[in-house]
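Data block below; observations after.
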Amino acid sequence: MIPTTLRRSLLFLLLMMSVGSILFASSTGSVSLEWDEWLLAIQEPASRHGELIWHLRLPRALAAWVVGSMLAMSGCLMQVLLRNPLADPYVLGVSGGAAFATLLGMVFGVAVGFLPSLAVLGALASILIVFGLARGTGPWSGTRLLLTGVVTASGWAALISLILSLSPDNSLRGMLFWLMGDLSYASLSPGSFLVLGGCFILTLGLARSLNVLAMGETTARLLGEPTRRMLWLVYLLASVLTATAVSIAGSIGFVGLIVPHLMRLLVGSDHRILIPAATLFGGLFLVLSDTLARTVLSPQQLPVGVITALVGVPLFLLLLNRARLKGV
């Protein structure tokens, strides 16, 4: 973990790297641009290269940054909610509901512009199911919530498999790409920025309470925290972030699991620093992953979820081995 005096510097560095990654992504692709060509294209949006940057690469890079930031922030919240370092944004079935609703829309020929709305509706349906089944009259039970979420996610997975098995071959490839996480047709609405900004402000405002909550529900209650209300608020924020991210780019794994771990090693467990650090690095990580997905087999493009998994699996095993050596 870096010294306290350097943590603010790290946040500024992550911010600059995030901006740099978006600019780098806009200049990299099957048609590579020199920096002088890139500068000229930025100044002339109507030119051939200008349209490539302004209408294709920059919107896609911004979408990748927003989705990565949402998933990383949601991962931080889920790990506090379930008090489990293995928790990630998809563990409670929110993404499954969103994926099922979207694939159902694809099967029935719903216009592409309405698919994000379907994803949000599916995610909200999953939230209501998990909330209704896990809610009890007694004390909060993270175990009950986790079990309910896992079973609900399994149910959605079965329905998704049914849709895929009955779908025509000509639409199967697009469905599989979306399920693996794909930013090819991602588009951002003003609502996406509002969700990211609003959830970030609320989460940062809850940072002190999250620090207390991470020590355990009993400790938090003894320190005067309204634990039941806090836990449902954390769940709602994490679910909204996950639903919005899935509606934009499908299910992209490992961002919400790996990024909070890495940032916790660097800045510690204080959520006043961890939340902004994870948010910035999550966006940076997904922008670079998507750039790699676009270029590694150029002109063919890979789903970005494949890249995040290929990077995330060995990285997570490395972190797990490091924790074992330390006796954690």
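The values are calculated or read from the model by the stated rules, or taken from the named source; none is laboratory data. As the structure is a computational prediction, the values presented were derived from the model and not from experiment. Using ideal geometry, Cβ is built from the backbone for each residue, glycine included, and neighbour counts are taken over all protein chains shown.
Brief remarks follow.
- Test result for Ala238, surrounded by 16 or more Cβ atoms within 10 Å (Cβ to Cβ) and without any contact (Cβ under 8 Å) to a residue 24 or more places away in the chain: no
- Residues in the range 30-57 that are under 21 Å from Pro190 (Cβ atoms), in contact with a helix residue (DSSP H, G or I) (Cβ under 6 Å, 6 or more places away or on another chain) and surrounded by fewer than 17 Cβ atoms within 10 Å (Cβ to Cβ): Pro45 alone.
- Residue that is part of a helix (DSSP H, G or I), surrounded by fewer than 16 Cβ atoms within 10 Å (Cβ to Cβ) and of a type in the set (S, T, N, Q), where the choices are Thr218, Thr152: Thr218
- Ser30 meets all of the listed conditions (1) over 26 Å from Thr203 (Cβ atoms); (2) of a type in the set (Gly, Ala, Ser); (3) at pLDDT 85 or above but one, namely (3).
- For the range 233-275, taking the residues that are part of a loop (DSSP other than H, G, I, E, B), under 25 Å from Pro59 (Cβ atoms) and not aromatic (Phe, Trp, Tyr), the one that is modelled with the highest pLDDT is identified as Ile252.
- Flag if Gly132 is modelled with pLDDT of 85 or more and part of a helix (DSSP H, G or I): no
- Qualifying residues in the range 287-307 (those that are of a type in the set (S, T, N, Q) and over 14 Å from Phe177 (Cβ atoms)) - the one modelled with the lowest pLDDT: Ser298
- Only residues that are closer than 19 Å to Leu188 by Cα and out of contact with any Leu (no Cβ under 9 Å at 6 or more places or on another chain) were counted in the range 103-123, giving 11.
- When Leu188, Leu183, Leu204 are checked against the criterion of being in a helix (DSSP H, G or I) and surrounded by 14 or more Cβ atoms within 10 Å (Cβ to Cβ), a single residue qualifies: Leu204.
- Considering the conditions (1) in contact (Cβ under 8 Å) with a residue 24 or more places away in the chain; (2) farther than 25 Å from Ala157 by Cα, Val313 is excluded by exactly one of them, (2).
- Leu103 vs. criteria among the aliphatic types (A, V, I, L, M), under 24 Å from the mean Cα position of the chain (by Cα) and at pLDDT below 90: yes
- Residue selected from the range 83-120 under the condition within 16 Å of Leu159 (Cα to Cα) and among the β-branched types (Val, Ile, Thr), by the criterion surrounded by the most Cβ atoms within 10 Å (Cβ to Cβ): Val94
- Matching option when the condition is of a type in the set (A, V, I, L, M, F, W, C) and out of contact with any Phe, Trp or Tyr (no Cβ under 8 Å at 6 or more places or on another chain), among Leu262, Leu317, Leu286: Leu317
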